[in-house]
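In what follows, a structure is listed as structure tokens, so that the remarks can point back to it.
The values are calculated or read from the model by the stated rules, or taken from the named source; none is laboratory data. Keep in mind that this is a model prediction, so the values were computed, not measured. We place every Cβ from the backbone using ideal geometry, glycine too, and count neighbours over all the protein chains shown.
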Amino acid sequence: MDESAGGRPVIDVYARLSHAVNGETIKVDDQVEMCEETLVRRRASRGEVFKDNSLSAWDPKVARPQWDALMRRLEAGASDGVIVYDLTRFSRKPREGERLVDLADRGLRVWALSGEYDLTTADGRKQFRDAMNAAAYESDKISERVKRGKLRRARKGRVHGGGRAFGMPGAAPAPPGWEAGDPRERVTDEQVEAERAVIRECYARMFAGEPLAKLVRDLNACGVPTAYGHRWTRNTLHRLLIRPAVAGLVIHRGETIGALAGIEPVVSREEWERMCALFDARRRGRPPGRVHWLSGLVRCGRCGGPLTGSPRNYMRPYPDGSVRREYRCRRTADRQGCGLTHIDAVVAETAVAEAVKARLGDPRSAERIAKRLANARAQRGKIEAEMRLLNESADELAAKTARWGVERVDRAMAPILRRLDELHTALAGVEEPEDAAAAAADAAAAWDNAQARGDLETLRAMVKRAFPRLTLRAPTVYNDNSPTRFDWDGANDAPPPPDPETVFWTVLRAAGEAGLTGAELMAATGMSTTWVYRRLKDNERAGRVAKTSPPGRWRTTDPAG
């Protein structure tokens with residue numbers, strides 16, 4: 001192990017959000033300061049400082065990257081030990097404490113403000129393990145108390161946290177500028193009943209055999225938003241239809257506990273169970289990127305939508321006999337793409353593979369990667385700062401359990417936990433590129449090895465690191481599969497084309513009684529025959545368009561569109 005020139009031990013500092021005995025929050029910066037003062041008194045040199053400053057001991061879902069980095073450093077022998085404010089800051093899991101015990105043979109020192117744990121003796125190891133077991137016991141008791149609280153709420157017909165669901169009473173979405181503590185308006189009874197009518201209609205149409213995608217398209221076309229004002233997708237509608245709440249049920253840990261208190265069911269339990277069985281009987285699709293590893297990584301240069309891969313079984317196969325594939329900007333119930341930008345999959349994958357190896361292997365890319373790394377860390381820091389404040393508030397509430405009671409603390413804790421879940425999701429989506437020097441080292445070999453292993457996640461990560469704004473321009477001639485259409489840095493700043501739906505109605509209104517042919521509508525919107533005629537037929541049934549005389553032309557019956 002390293003020691004300073006004066007023979008003083010080098011001790012790393014680890015800090016994590018903590019509570020004093022009196023309930024006061026001890027912030028990580030204060031912990032570090034007190035640990036540094038203790039190192040001076042004990043004549044030790046400070047090594048590196050590791051701070052998990054947005055991670056609280058009561059949240060078991062949180063990974064601790066700084067703790068992992070500390071353990072790698074200790075196990076590599078880069079320092080002589082670690083000091084923490086108290087042992088519960090290091091860990092509440094005995095198996096993690098055993099990693100320090102295993103290192104004791106090397107002379108590793110474990111310090112806290114209250115003293116040192118001598119892991120080289122049986123008594124010292126017993127004292128250390130007793131402290132770790134006490135911390136684990138405290139964590140288990142908190143977990144049991146929270147679970148009991150959730151079960152009590154479920155038995156009373158109350159759901160645990162979460163925002164208002166579609167078709168349920170509750171608060172309206174927070175308006176712009178809303179802050180915690182501001183009043184929230186409740187949705188009207190009329191809106192709730194209208195949403196419930198939508199759910200019943202969806203049930204009836206699903207039982208009649210209509211596909212889920214058709215329901216999604218109709219909801220969006222009619223301007224029916226989700227509970228939070230967003231467009232519907234197949235996933236959001238699917239989740240709505242199988243929610244136990246629509247049948248007035250409360251489910252806890254997979255078991256039906258009872259009925260929702262004070263809320264009438266939208267459909268019967270039998271109908272809900274039938275709907276669940278209908279979805280369970282369907283085959284699940286392949287996870288994204290398992291075959292078409294560029295899916296979602298390339299943007300359409302025409303509308304900005306993501307390109308996704310699919311087989312083209314009706315086309316002549318590749319020379320090796322495999323099914324021909326393509327990437328296309330799709331216009332479906334879930335995606336509002338243009339449907340026009342596409343490229344052969346093998347051409348695209350070959351071109352991107354060569355470009356990634358060249359980009360990551362070029363030392364000049366180091367500066368670009370370093371900038372993206374700085375931006376990602378700034379974004380991560382902003383999220384962690386908010387999480388730190390929320391964790392401090394949550395810990396302060398937890399300390400008041402004895403005075404307030406579990407139920408009152410749970411009510412106060414619910415909005416904090418919801419926001420923390422949102423921030424954890426956002427934090428997981430912040431991707432930090434690798435260190436610039438490491439990223440440039442032997443990129444070609446790393447790509448080839450990942451490809452040989454079938455490690456598609458690594459291939460996708462390398463594409464995102466090299467080309468985070470990869471764009472494909474729309475073809476200018478029929479069947480243009482040239483890789484020169486790739487805009488590697490997404491520098492295509494041309495304004496997006498007008499929405500085809502808007503163009504469809506604009507040109508129809510402008511044509512007046514004379515109307516337009518299907519071919520003229522295709523030329524004006526840039527969309528396919530299927531797209532144009534599907535809209536003509538749907539709007540004809542709705543009474544918004546009609547055929548002219550002589551036939552073959554269409555006009556709008558509603559000048560306002």
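Taken together, A358, A351 contain a single residue that is surrounded by fewer than 17 Cβ atoms within 10 Å (Cβ to Cβ), over 28 Å from the mean Cα position of the chain (by Cα) and on the phi < 0 side of the Ramachandran plot, which is A358.
Across the stretch 192-211, what is the total count of residues that are free of Cβ contacts under 8 Å to residues at least 40 places away in the same chain and surrounded by 15 or more Cβ atoms within 10 Å (Cβ to Cβ)?
Selection size over the stretch 192-211: 5.
Residue check: A333 meets all listed conditions (1) within 30 Å of A213 (Cβ to Cβ); (2) modelled with pLDDT of 70 or more but one, namely (2). A single member of V10, V21, V28 is among the β-branched types (V, I, T) and at pLDDT 85 or above, and it is V10. Screening R43 on (1) surrounded by 13 or more Cβ atoms within 10 Å (Cβ to Cβ); (2) in a loop (DSSP other than H, G, I, E, B); (3) in contact with a strand residue (DSSP E or B) (Cβ under 9 Å, 6 or more places away or on another chain); (4) modelled with pLDDT of 75 or more shows it passes everything except condition (1). Would it be correct to say that E326 is modelled with pLDDT of 85 or more and not in a strand (DSSP E or B)? When the stated conditions are applied, E326 does not pass them.
Tell me which residues, restricted to the stretch 458-474, are part of a helix (DSSP H, G or I) and under 21 Å from the mean Cα position of the chain (by Cα).
Passing the criteria: T458, L459, R460, A461, M462, V463, K464, R465.
Each residue in the stretch 147-190 was checked for being surrounded by 12 or more Cβ atoms within 10 Å (Cβ to Cβ), more than 19 Å from A245 (Cα to Cα) and at pLDDT below 70, and 2 pass. Listed by first and then second residue, the pairs with beta-carbon distance under 7 Å, at least 6 apart or on different chains, first residue in the stretch 103-132 and within 12 Å of V82 (Cα to Cα), second of a type in the set (D, E) and in a helix (DSSP H, G or I), are L103/E75. When R364 is tested against (1) farther than 30 Å from H230 by Cβ; (2) touching a Lys or Arg at 6+ places or on another chain (Cβ under 9 Å); (3) modelled with pLDDT under 85, exactly one condition is not met: (2). Of all residues in the stretch 243-269, those being at pLDDT 80 or above, out of contact with any Phe, Trp or Tyr (no Cβ under 6 Å at 6 or more places or on another chain) and part of a loop (DSSP other than H, G, I, E, B) number 6.
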